[in-house]
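K.L.:
Handing you this structure, nothing more for now.
The values are calculated or read from the model by the stated rules, or taken from the named source; none is laboratory data. The structure displayed is predicted, hence computed values, not measured ones. Every residue, glycine among them, receives a Cβ derived from its backbone with ideal geometry; neighbour counts consider all protein chains shown. Surface accessibility is based on the protein's heavy atoms, side chains included, excluding ligands, DNA and RNA. Shrake-Rupley method; radii C 1.70, N 1.55, O 1.52, S 1.80 Å.
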Amino acid sequence: MGRSDGLQATIGDQVTLSGVGVHSGAPVSMTMHPADVDTGILFQITDPRSGKEAEISAEWRAVTATELCTVLAGSNGVTIATVEHLMAALRGLMIDNVIIEIEGVEVPVMDGSSGAFVDAIDSVGRVVQSRPRRFIEVLKPVRVDKGDAYGELRPYNGSRLEVTIDFPTPLIGRQSFEADLSPTVFRRDLARARTFGLVRDVEKLWQLGYALGSSLENSVAIADDRVLNPEGTRWSDEFVRHKALDAVGDLALSGLPILGLYRSYKGGHRLNFTVLQAMFADPTAWRIVEGPVRRSAGHAEVGAGLTVPAMGPDYS
C-alpha cells in the first residue's frame, strides 16, 4: 500500500469494544489482542446462544455468506458475521497479526463505519515486528461479471481501488472513488464512511428478522430521496466511500495484503468475494512475494521492489 515498512505489525496492547450486532440487535463484546508474527487475523468466538466456541482464521475459505454482510464459519458451525468493517480497519492500517475474542455472533457495528476500530487501534498503538510482511501480487487480470455489474483484479505497481456505484435513487446516483491505498488515505477518505440503506429495504429486512440493530446511530437512512439522519452525510459521496471501505475489508480475506488494482462497478460483498475466489482458482494469476525492508530508513517502497516471489502460489 504505497510506502510502508516491509515488516509485519501487530497492536501494542489489548483493547475492548462493546456495541450491538446490526442484524441480531444483540449486545456484543469484542477484545483485540496482540499476536505473534505469522498469526494473521484470528477470531476466537463464543456463541452465547449455544455456548460453542470456535477459532476462525479470517480468510476467504471461511466465508459462508455474503448476502447482507460477510459471514465466516468454523468447522463446528459457529459463525461470525459483519466482519468487513473491522477487517478494513486492520488492513487499512496494515495490521497483520491480531487475535480477536468475541462474545457474540457478530462484530459490533459501532457507528456503521471503521472509525471506532481505527480509534481502538490508535489507542494502543501499532507495533512493528521482526519478520517481513508477505503480499499477494496479482500477475494477470481476473474478472467476474454479474449482469451489468463486474469486479476485477489487475496487475498494478502498488495497491489501488477504483469503485463505482450506480443507484436509481437521485440522492445517490452514480458515484466513483479512486485512490492508491495507504494508511493515510484509509484514515482520511474511507474509515468513517458509514453503511447506508433505503428505509423501505430495511423495513423488509426487519420483517424477515434481519437488521434488528439498525438505527440512525449506525447507518445512513434514505427515504424519498432525502437523508433522515439529522447530521446528514459525512461526505457528499459517502455512499461510494463506504462501498470502497467494504471492498477493502472483503479483499482483506485474501489473508495477505494484495498488490494490484481492484476495480468494481455496482459491486458488493458477493462480487468482492467472487473475484477473490476466481483469483485463487487460477494459480497463474497470483504469487506470494515478500516485502523488502530498508532498516536504515524504516520504510520500503511497495511495488517496484517486490519482484522476486518468496515462494510459489499456495493457499497458506
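K.L.:
Would you call Asp13 at pLDDT 90 or above, in a loop (DSSP other than H, G, I, E, B), at negative phi and not hydrophobic (A, V, I, L, M, F, W, C)?
P.N.:
The answer is yes for Asp13.
K.L.:
Still on this structure, I have one more. Residues in the range 231-248 that are within 14 Å of Tyr265 (Cβ to Cβ) and either open to solvent by 10 Å² or more (accessible area, probe 1.4 Å) or of a type in the set (Gly, Ala, Ser) (or both): how many?
P.N.:
3
K.L.:
Taking Ser214, is it open to solvent by less than 40 Å² (accessible area, probe 1.4 Å), of a type in the set (S, T, N, Q), outside any helix (DSSP H, G or I) and at pLDDT 95 or above?
P.N.:
Answer is no for this residue.
K.L.:
A further question follows. With the structure loaded, tell me whether Arg241 is more than 20 Å from Ala120 (Cα to Cα) and assigned to a helix (DSSP H, G or I) or whether it fails that test.
P.N.:
Considered against the rule, which asks whether it is more than 20 Å from Ala120 (Cα to Cα) and assigned to a helix (DSSP H, G or I), Arg241 comes out as yes.
K.L.:
Mind listing whichever residues of the range 133-144 are assigned to a strand (DSSP E or B) and surrounded by 18 or more Cβ atoms within 10 Å (Cβ to Cβ)?
P.N.:
If the condition is that a residue be assigned to a strand (DSSP E or B) and surrounded by 18 or more Cβ atoms within 10 Å (Cβ to Cβ), then Arg134, Phe135, Ile136, Glu137, Val138, Val142, Val144 are the ones that fit.
K.L.:
Can I ask one more? Can you tell me which of Gly25, Gly77 is farther than 18 Å from Ala247 by Cα, outside any strand (DSSP E or B), open to solvent by less than 50 Å² (accessible area, probe 1.4 Å) and not acidic (Asp, Glu)?
P.N.:
Selected residue: Gly25, the only one of Gly25, Gly77 that is farther than 18 Å from Ala247 by Cα, outside any strand (DSSP E or B), open to solvent by less than 50 Å² (accessible area, probe 1.4 Å) and not acidic (Asp, Glu).
K.L.:
So Gly74 clears everything in (1) within 30 Å of Trp235 (Cβ to Cβ); (2) in contact with a helix residue (DSSP H, G or I) (Cβ under 8 Å, 6 or more places away or on another chain) except one condition, right? Which one?
P.N.:
Exception for Gly74: condition (1).
K.L.:
Another question, then. Got a sec? Which of Thr31, Thr70 is closer than 23 Å to Asp246 by Cα and crowded, with 20+ Cβ neighbours inside 10 Å?
P.N.:
That would be Thr70, the only listed residue that is closer than 23 Å to Asp246 by Cα and crowded, with 20+ Cβ neighbours inside 10 Å.
K.L.:
Can you work out which of the residues in the range 145-160 that are out of contact with any strand residue (DSSP E or B) (no Cβ under 8 Å at 6 or more places or on another chain) and in a strand (DSSP E or B) is least open to solvent (accessible area, probe 1.4 Å)?
P.N.:
If we take residues in the range 145-160 being out of contact with any strand residue (DSSP E or B) (no Cβ under 8 Å at 6 or more places or on another chain) and in a strand (DSSP E or B), then Asp145 is least open to solvent (accessible area, probe 1.4 Å).
K.L.:
Can I ask one more? Output the residues belonging to the range 86-119 that are assigned to a helix (DSSP H, G or I), out of contact with any Lys or Arg (no Cβ under 6 Å at 6 or more places or on another chain) and open to solvent by less than 10 Å² (accessible area, probe 1.4 Å).
P.N.:
Leu86, Met87, Ala88, Ala89, Leu90, Gly92, Phe117, Val118
K.L.:
Which members of the range 53-66 meet the condition of being in contact with a helix residue (DSSP H, G or I) (Cβ under 7 Å, 6 or more places away or on another chain) and modelled with pLDDT under 95?
P.N.:
Thr66
K.L.:
Go through the range 42-72 and give me each residue that's hydrophobic (A, V, I, L, M, F, W, C) and either over 18 Å from Ala26 (Cα atoms) or not in a loop (DSSP other than H, G, I, E, B) (or both).
P.N.:
Matches in the range 42-72: Leu42, Phe43, Ile45, Ala54, Ile56, Ala58, Trp60, Ala62, Val63, Ala65, Val71, Leu72.
K.L.:
If the requirement is being touching a strand residue (DSSP E or B) at 6+ places or on another chain (Cβ under 9 Å) and either open to solvent by less than 20 Å² (accessible area, probe 1.4 Å) or closer than 18 Å to Thr82 by Cα (or both), which of these qualifies: Phe177, Phe167?
P.N.:
Phe177
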